[in-house]
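Notes to accompany the following structure.
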Amino acid sequence: MNRFKVLLYSLTGVISVILILFALNVYPTPGTDSRVFIPAALLYSHGLGLVNPLYEVAVLGMVTDAQEAMKFNYYVPFFPMLLGSLSKIHPGVKTVFFICSLFSIAGLFLYCRTIASLLPEKLTGPLKTMLLLSVVYLVTYLIPTVGRPETITVLLVFIVFLLYNKRKELNTALFNFLICIIFSVMFATQVICFYFCFLFFVTFELLNTDNVFKTVLINTARFAVIGLLFYVILSASPHGFTDTVNNVRLHASAAMTRKDRSVKLFIHYWLLAPLNFGFLVLFLLCIVFYVRSLLARLKKSPAIIVVLVGALQLMILYGIVAFILYASPTVYNATQFILPLSVYLFLNILSLPKSFLKTLASAFTIATYVAGSLVFLRVFILFIDYKNDRKDYAAARHIINRFVHNGKNVFVTVNLWPLVDDIKDIRFYDGVHIKKGDTLVLQQMYMPSADEILSKCTIIYDWRTEERRKFLGIPLTHTPQGYSFAVCRIN
């Protein structure tokens, strides 16, 4: 193994340790949609069924649970079921996020191994820099406390990518078995991920086939087996196939009415968001290479291939508009493909002859990786600050449960949910349903209007810290990144 490969694996190892540290310290504080999925996994690990009393749909019975039994039946169930099953050995928030970190680490090492196996004998300095920076950059997509199903699907998509590239080396029966198993699990984890991944899979099957009819027949059979396995997984889940499918459909219909899209939001989520900084640049570069390659392949293909592949591309394009661009925050439906996208981008840049296109693509990619690596460096520096500040998960959990446990008139802000030992104790502060004498626990992070709220209260426990965080005099954030909070009583 040459020095560069040793450096690549060593860097991946260091990053993996950091991900484990993040998980065990429950950092960054779980936000995004973690409370949609992780509470269900936690309660499942305790043998309390697949339920979630913290998500609005489950609480209000607005869409999927008219009986208000708090069922987790508004999303395909494999992700919380898997996390809950694996964490039964030691149920708890830390265990769940530690398992999430292992999935992220597995994906990162597979990426590293794949890249290392593709390296030519002589690699230029800029390409070496690109590869090293890509490892650091990719970590921003793999933060364990995000707590969404993409924690698993990022890995599953990449395994499909690797299996397809190894298809000629594998026994045909084994290849088909593995493909059907992985796709069925993907289908039961994140439906949109399966939609795109299977369409791309069949696209490349058709582009590389010697027998169109056989390829169509085989993939039709695969789809049937995947559908059957999907049915088995959902039927074995606590709420069964029919209840889950009906309520996933209702929930999806409600979700598709989202209005949170605009140019400003698009730029934020696709270009500036810390969890996928600069993704738009890589996505557009991959589209350029993909369209360029696809058109070149189709020019040499028979008419039947052109028609079938063209139909698949229309379905993909429709899916991008309908399932990704319908709301700006749903960029995660695209970012879960980041690992194969990164390998695909590297291979295409590597294969280009010296030209303006190669220089431009390399420059944009390296610039994105540099900026994204700085974003991750900021997250890591804030983690050190988080530990030094002592407003961390362990300390906050010890304090907050004294106030919340059995407190019928105690309301907490949403992102404090991981601290409460008994999820059934949690009542969220919504800014409306409170009255004189109620107690509020207000987290400092995510609460820009906390001072206005506190002016109407009597503070009974102040566990806040300095707002601005700096490193070497450089401001890093205007709010602390820990679990600092204030407990107050409404006057």
Inset, instruction - On a 0 to 90° scale, report how tilted helix 93-118 is relative to the longest principal axis of the chain, with both axes built from alpha carbons and the result rounded to the nearest 10. - result: 20
Inset, instruction - Go ahead and collect, in residue order, the members of the range 466-488 whose backbone nitrogen is under 12 Å from a label point 7 Å along the Cα-Cβ direction of GLU56. - result: none
Legend entry - Proximal lysines to LYS387, defined as alpha-carbon separation beneath 18 angstrom and excluding residues fewer than eight positions away on the same chain: LYS94, LYS470
Legend entry - Euclidean distance between Cα centres, the range 207-243 to the range 340-379, Å: 35
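Mean residue ellipticity at 222 nm from the helices of the chain, using -39,500 (n - 2.57) per DSSP H segment of n ≥ 4 over the full residue count, to the nearest 500 deg cm²/dmol?
Numbers: 19 runs with 289 residues, N = 491.
Calculated at 222 nm, the ellipticity per residue is -19500 deg cm²/dmol.
Please give the peptides 30-37, 353-360 ranked by average Cβ packing (other Cβ atoms within 10 Å per residue), highest first, as a rough proxy for protection.
Numbers: 30-37: 20.4, 353-360: 10.4.
In descending order of packing, they fall as 30-37, 353-360.
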Inset, instruction - Please list 90-101, 251-262 highest first by mean number of surrounding beta-carbon atoms within 10 Å per residue. - result: 90-101, 251-262
Legend entry - Inter-centroid distance (Cα atoms) of the range 268-303 relative to the range 68-131, Å: 23
Inset, instruction - Just subtract the alpha-carbon distance of ALA311 and LYS387 from 0.36 nm times their residue separation and send over the number in nm, one decimal. - result: 22.1 nm
Inset, instruction - Identify all aspartates and glutamates with a Cα-Cα distance to LYS166 below 17 Å; exclude those on the same chain that are fewer than 8 residues away in sequence. - result: GLU205
Inset, instruction - Between the alpha-carbon centers of the range 1-40 and the range 322-337, tell me the distance in whole angstrom. - result: 23
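Report D for the range 210-287 in µm² per second (integer): Stokes-Einstein, Kirkwood Rh on Cα pairs, 4 °C, 1.567 mPa s. Each step should come with its number before you reach the end.
Values: Rh = 16.7 Å.
The diffusion coefficient I find is 77 µm²/s.
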Legend entry - Other-chain or far-sequence residues with amide H under 5 Å of VAL51's (modelled H): TYR44, PHE72
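Please work out whether the range 283-363 counts as rounded, prolate or oblate from its C-alpha gyration tensor, where a ≥ b ≥ c are the square roots of the eigenvalues and a/c under 1.5 means rounded, while otherwise a/b larger than b/c means prolate and anything else oblate?
Judged from the Cα gyration tensor, the range 283-363 comes out oblate (a/c at least 1.5, b/c at or above a/b).
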Legend entry - the range 118-220 - accessible surface per residue (Å², probe 1.4 Å): 41
Inset, instruction - State which entries of LYS128/LYS354; LYS88/LYS424; LYS259/LYS436; LYS122/LYS299 exceed 26 angstrom in Cα-Cα distance in the structure shown. - result: LYS259/LYS436; LYS122/LYS299
Legend entry - Within straight-line cross-link reach of LYS168, lysines at Cα separation under 21 Å, skipping those fewer than 8 residues along the same chain: LYS214
Inset, instruction - Roll a 1.4 Å probe over the protein chains and send me the accessible area per residue for the range 253-365 in Å². - result: 52
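At 1.4 Å probe size, with the rest of the protein present, what percent of the exposed accessible area of the chain is carbon and sulfur atoms? Before the final figure, lay out the partial values.
Values: 15160 of 22910 Å².
Percent of accessible area from carbon and sulfur atoms in the chain: 66.
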Legend entry - Tilt relative to the chain, helix 393-404 - C-alpha long axis, 0 to 90 degrees, to 10: 50
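The values are calculated or read from the model by the stated rules, or taken from the named source; none is laboratory data. The structure displayed is predicted, hence computed values, not measured ones. Here Cβ is always computed from backbone atoms with ideal geometry, including for glycine, and neighbour counts include all displayed protein chains. Areas reflect the complete protein model, heavy atoms only, side chains present, ligands, DNA and RNA absent. Shrake-Rupley method; radii C 1.70, N 1.55, O 1.52, S 1.80 Å.
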